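Bear in mind these aren't lab numbers, they're just calculated from the coordinates by the rules spelled out. Keep in mind the model is a prediction, meaning the values are calculated, not measured. Cβ sites come from the backbone with ideal geometry, for glycine too, and all protein chains shown count toward neighbours.
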Amino acid sequence: MKKKLLLILAVLCLPPNVFAGELKPFGNIPISAANPPTEAKVELGKKLFFDRRLSGDGTTSCATCHDPERHFSDGLPISLNYPTTRNWRNSPSLIGVAFQKFLFHDGRAASLEEQALFPMMSAFEMNQNLDFVEEEIRAVPEYVAEFKKVFGDEDVTRQRIAMTIAAFERTLVSRDAPLDRFLLGDKNGLSPEAQKGYEVFTGKGKCAECHFGEKLADDRFHALHVPENPEHLQDPRIVATRRFVAKVYHYEAYRTLSEDPGRYLITREQNDWKAFRTPALREIAGTAPYMHNGIYATLQEVIDFFDAGGGPGNTVLRPLQLSPAEKDQLRIFLEQGLTGKPPAFTYPKIP
Ligand code: HEC
Ligand code: HEC
C-alpha cells in the first residue's frame, strides 16, 4: 500500500514529458506570432539562405552546410568551416526545425530569428561582419525592393535578414512518411519488419522515452557520454574552435578544456556536463553521420551504442540486451519509417 502511494507520488513529481512517449504525425507548422510568414517574406528568406554574400569571403551560404540535396544537412561528421579553421559539431538537418524548442546541439538559441545571426558571425563558419553584410544587401536594388515589399520600408537590418531566413526555414517540413501513414491508421503504412522495429522503439528499446512527439524528440538534454573523436581532440584548429566557444561563454578554464562540454557551457549545471539535445529523428536515414560530433557513420553503430547502455560513465542509459533480430528491426524502422516527401522546392535566383 505504502509502496503504491510512493509510486503514485513519484509519477506525479516527474516532469510531464517523461511518460509522454507517444509518437505523432507531423502536424501544422507552428506560426511565429512575432514573425508571421508571408509568401514574399519566405521567398526573400530563401534567396538570403542561398546567398554567399552572407559569408565574409563570399564562398559560403547557409545552404553550403544545410544542403537541400542532403535533407538540409551536409553529410559530414563535423560540418564545413571558414577557410583555415575547423568546425567542431555536426550540421543538423533543418527539416522540421520549426518544431524545435531549443536550437543547436546545446540549445543555446531559442528562436530561428536569434539563431540565424550566429553562423554569420561565427569565426569558424561564415565569419562575416554584420554591419558590412547589411550594406552589401542594401547595395542591391532588387533586395531593397523586396525588403520594402515585405517590411513596408527599405531598411535592411540584421534583424530583418534573420526574420526572412527564419520564415523560410519554418517551411521546411517533410510530409507523409511511412510512420505518419501508420500512425494515421494505415496498417500497411510501415512494412511488417519496420512495424516490429516500431515495437522495439516504443517498447524494449525505450527509445520513445526521449524520442517522441512529432519530431521524435523531447526538447531535453541528456548526458549520454557519446565518445569524443580522438582525432578531433588533437587537431589544433578544433582545439582553437572549442576554446573560442568556451571563452565566448565565459568558461574560466577554456584553455584547458579537452572535450565538448555540451549544455554545461550554457547552464553550468553539473547534470548538463556533456549533455546534448535529443535530436529529432525525422529523415534520419539520410543524415549520417550521427551524434553532435558525427562519431557514428551508420545507424547500426548508433543502435549498438544504445544497446550497450551508452557511453562510459553515463548514468542515463542502461544496457538493453536487444537480440540481433531486434536490432535489425529497429534499424529497418529508422531506415524506412521516418523519411517523408521533401518540402516542395525550387532554387532561387540570387540577385
Ligand atoms: C559552415 C557550416 C555552416 C553554415 C555556413 C551554416 N550552418 Fe547552420 N549549423 C551548422 C552546424 C555545425 C550547426 C550545429 C552547431 C551547434 O550545435 O553548435 C548548425 C545549426 C543550425 C541550426 C540549428 C538547427 C537545430 O536543429 O538546432 C539552424 C537553424 C541553422 N544552423 C541555420 C543556419 C542558417 C540560417 C545559416 C546561414 C545564415 C547557417 N545555418 C549556416 C553549420 C553551418
Ligand atoms: C535518455 C534519452 C534517450 C534515449 C532513451 C534514446 N535516445 Fe537517441 N539520442 C538522445 C540524445 C541526447 C542524442 C544525441 C547525443 C549526442 O549528440 O551526443 C541521441 C541521438 C540519437 C540518434 C542520432 C541522431 C542524429 O541526428 O545524430 C539516433 C539515430 C538515436 N538517438 C536513436 C535512438 C534509438 C534507436 C534509441 C533506442 C534504442 C534511442 N535513441 C534512445 C537521447 C536518447
**Report entry** Partner aspartates and glutamates for LYS206 [C-alpha distance under 19 Å; skip if fewer than 8 residues away on the same chain]
**Finding:** GLU22, GLU193, GLU214, ASP218, ASP219, GLU301, ASP304, ASP307, GLU326, ASP328, GLU335
Query raised in the report: Mind checking the dipole of segment 63-149: about its Cα centre, +1 per Lys or Arg Cβ, -1 per Asp or Glu Cβ, Debye to the nearest 20?
Result: 300 debye
Requested in this report: Could I have the simple spin-label model distance between HIS250 and ASP304, label points 7 Å from Cα toward Cβ, reported in nm to one decimal?
Outcome: 4.3 nm
Query - Helix-only [θ]222 nm of the chain, DSSP H runs n ≥ 4, -39500 (n - 2.57) each, per residue, nearest 500 - result: -10500 deg cm²/dmol
Query - Sequence-distant lysines (8 or more away, or on other chains) whose Cα lies within less than 26 Å of LYS148 - result: LYS41, LYS46, LYS47, LYS349
Query - Coil-residue trypsin sites (Lys or Arg not before Pro) of segment 282-349, DSSP, other Cβ within 10 Å capped at 14 - result: LYS349
Query raised in the report: How much of the calculated P(r) for segment 39-169 lies past 21 Å, in percent of all Cα pairs?
Result: 37 percent
Query - Difference of contour (0.36 nm per residue) and Cα-Cα distance, ALA34 to ASP155 - result: 41.7 nm
